[in-house]
Amino acid sequence: MKLYRTLQNAVKFRSAFDFGEREVAHWFPGHMAKGLKQMRANLKNVDCIIEIHDARISFFTCLHDAESLDIRPHLLVLNKVDLADTSNKHSIIRRLEKDGIRNVIFTDCLRQRDDNVKKVVPQVVELIENRPRFHRDEERSYCLMVIGVPNVGKSSFINALRRTNLKKGKASRVGAEPGITKAVLTKIQVCERPVMHLVDTPGVQPPGIESVETGMKLALCGTILDHLVGEDVIADYLLFTLNRLERFSYVEKYGLEEPCDSIEQVLKRIAIKLGKTQRVKAITGVGNITITVPNYTAAAYDFIRAFRKGELGQVMLD
């Protein structure tokens with residue numbers, strides 16, 4: 001019966017999301033352009049670019065609007081694969097190849113041991129040796145630059161490489177919010193044979209994001225500070241996305257009777273279930289009274305966080 005009601009409700013779900021008059025440029029701080037400029041200026045010391053993506057948005061790239069970074073060998077690392085629906089990896093790889101991206105590795109860098117992380121150093125060495133090293137031909141060590149939008153796991157990737165190749169612990173701070181790495185060009189050794197260093201960089205967002213929807217997908221994955229977009233807007237886009245993909249795990253998690261297309265109803269249910277309430281003053285004809293109402297912002301944050309932790313299932317946003 002529940003399945004019947006779900007299918008019946010599917011025709012009532014929104015077919016498109018109303019982004020209103022939002023402008024994606026307002027979501028990205030101006031210091032990111034400075035970061036790109038500094039990265040370009042230091043390319044002369046770099047043998048290979050490693051670009052880290054959240055695997056759920058695998059077809060977004062920093063290099064489309066950063067052509068000067070694209071003159072070096074390039075390896076794309078699709079991280080957080082445990083959160084993405086990669087059941088059709090071959091299709092993803094074929095689509096990336098059509099965009100000219102041929103060197104791809106899927107990783108879950110928070111795992112203590114990830115066999116795919118072991119493939120990074122050999123693949124990077126092969127890429128470098130098959131391309132001109134410009135004025136670095138006499139250098140016996142390798143220098144790589146790690147780039148990517150905020151909060152896709154660059155620091156986790158660096159720590160995973162050190163753990164795998166040097167048997168050493170963390171060298172980069174890891175955090176759940178974008179903007180943890182502040183310094184540009186922090187040089188970190190990740191391998192001894194061959195000697196290999198990574199240049200860690202802060203998360204940057206290239207200018208000219210193609211659409212508000214692309215920006216919203218990035219926001220949903222935590223690459224933008226939530227308050228810049230609005231927790232309520234991100235939560236609404238998440239609900240729209242889950243319904244569009246027919247991923248209804250949120251129904252059971254939050255005790256709803258059936259899938260719902262109203263973010264207000266969903267957040268009210270989440271607030272009640274988790275005890276997320278707040279006391280507010282209400283003005284009446286006989287004086288002011290204090291009432292208890294659902295805390296929609298706290299409920300929205302919990303909904304978004306559940307998605308980012310994989311508690312609502314694996315998805316692909318592309």
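The values are calculated or read from the model by the stated rules, or taken from the named source; none is laboratory data. The shown structure was predicted, so the numbers you read here are calculated from the model rather than taken from an experiment. Heads up, the Cβs are rebuilt from the backbone with ideal geometry, glycines too, and the neighbour counts pull from every protein chain shown. Note: accessible area is taken over every heavy atom of the protein model, side chains too, but ligands, DNA and RNA are not part of it. Shrake-Rupley method; radii C 1.70, N 1.55, O 1.52, S 1.80 Å.
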Sorting check: for 221-228, 121-128, which peptide has the highest mean count of neighbouring beta carbons within 10 Å, and how do the rest follow? 221-228, 121-128
Going down the table (Lys168/Lys217; Lys118/Lys253; Lys44/Lys119; Lys118/Lys154; Lys80/Lys273), which pairs top 27 Å between alpha carbons? Lys168/Lys217; Lys118/Lys253; Lys80/Lys273
Residue-by-residue Karplus 3J(HN,Hα) for the range 157-166, coefficients 6.51, -1.76, 1.60, Hz, glycine and proline x: 5, 4, 5, 5, 5, 5, 5, 6, 9, 10
Determine the sum of side-chain charges near Asp232: Lys and Arg each +1, Asp and Glu each -1, restricted to other residues whose C-beta is under 14 angstrom from that of Asp232. -3
Given a 1.4 Å probe and heavy atoms of the protein chains only, how would you sort Glu231, Glu129, largest accessible area at the top? Glu129, Glu231
Solvent exposure, largest accessible area first (probe 1.4 Å, DNA, RNA and ligands not counted), of Glu192, Glu257, Glu311: Glu257, Glu192, Glu311
